[in-house]
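The next block holds one structure in the form of structure tokens; read it before the comments.
A short reminder: the numbers here are calculations on the coordinates, not readings from a lab. Being a predicted model, the structure only gives us computed values, none of them experimental. Positions of Cβ are generated from backbone atoms using ideal geometry, with glycine treated the same way; all protein chains shown enter the neighbour counts.
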């Protein structure tokens, strides 16, 4: 609860803050709080990813991007009422959606009765890997991880293609 | 490049341990938390740390662009290669059972190489994106 309150405070700070450097630092703090919350939920692998990617890597990349731009947020030209409306409606829809979810850590929830018993029970015997997260990620759901890796590859290729063309244009 | 002596000495002291930790996360991912994705990010973070302290040219000497760009593609190729290798040995795509005489050993071997592929691509992409952003800054300064 403390964590969630702190995260809410940080979110408000991000929205209120006009200095982009401070926003980046607050974003990093938010990611670390998120990682702590994930540790509290026993999702250590995800917490590790959140800490290294969310708090570390994106902060560094945003700071590098900040070097290329000005440090202060520009005042919006119009009052962003339509985006506000869209955000509120989507937020309300998401909250409405959570009502239909099974209660937290309910053992009879659909997600725990489908393939999870097999993963948890047979993973060590079938794959010889004690960490179920690794065996699910790399073996049972190998196709998904291949897709994920391809997504990372495509993102990298896209960034290379975008930024490199700019540089060539400059030379002309 | 920063002239701060404390930062430079500490950076030199820390970076080997960060790289070692990346290897630990990579190879201990079967037993504890971690795996290819996290290890790739941590290894890339070590090089980025080096680049921030000693400057981008120094980091480019350590990890040149051609190497990083090939890493981006190589990781996916390693991952796909494991799948194709399984097909060649008579299984389905991404079947690890056929990779060794014992099915469990085959699984372990397949997971190992798949994680290696993920780590290579992830650290390659992270480094490349950082180089791109930091390199633009330098290009603009040179104008």
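Structure remark: mean-square fluctuation, Gaussian network model of chain B, C-alpha springs under 10 Å; the largest value among B:58, B:45, B:119 belongs to B:58.
Kindly provide the helix-only [θ] at 222 nm of chain B, computed as the sum of -39,500 (n - 2.57) over DSSP H runs of four or more divided by all residues, to the nearest 500 deg cm²/dmol? Per the formula, -27500 deg cm²/dmol.
One chain, two ends: residue B:7 and residue B:88. Fully extended at 0.36 nm per residue, the span grows by 24.0 nm beyond their Cα-Cα distance.
Within 10 Å of the Cβ of each residue in B:67-78, the mean number of Cβ atoms contributed by other protein chains is 3. All Cα-Cα separations within the protein assembly as shown were binned at 10 Å from zero, giving a P(r) of 5, 20, 29, 26, 15, 4, 0, each value a whole percent of the pairs. Take the Cα of residue A:116, step 7 Å toward its Cβ, do the same at residue B:14, and the gap between the two points is 3.8 nm.
Given R0 = 35 Å, the distance between the Cβ atoms of residue A:14 and residue A:42 translates into a calculated FRET efficiency of 0.80.
Averaged over the residues of peptide A:39-49, the number of Cβ atoms from other protein chains lying within 10 Å of each residue's Cβ is 3.
Computed extension length for residue A:164-residue A:67: 33.1 nm, one decimal, from 0.36 nm per residue of separation with the Cα-Cα distance subtracted.
When the helix-only estimate is applied to chain A (DSSP H runs of n ≥ 4, each -39,500 (n - 2.57), divided by the residue count), what is the mean residue ellipticity at 222 nm, nearest 500 deg cm²/dmol? Before the final figure, lay out each step's value.
On the way: 9 runs with 122 residues, N = 172.
Mean residue ellipticity at 222 nm (helix-derived): -22500 deg cm²/dmol.
Given the Cα atoms of the range A:1-74, and with Rh set as the inverse mean 1/r over their pairs in the Kirkwood sense, what is Rg to Rh to two decimals? Taking Rh as the inverse mean 1/r over Cα pairs, Rg/Rh reads 1.03.
Using only atoms on other chains, find how many Cβ atoms lie within 10 Å of each Cβ of peptide B:105-113 and report the average.
Values: counts 1, 2, 8, 5, 1, 4, 10, 2, 1.
The per-residue average across the peptide is 4.
Modelled spin-label separation between residue A:2 and residue B:105, with each label point placed 7 Å from Cα along the Cα-to-Cβ direction: 5.1 nm.
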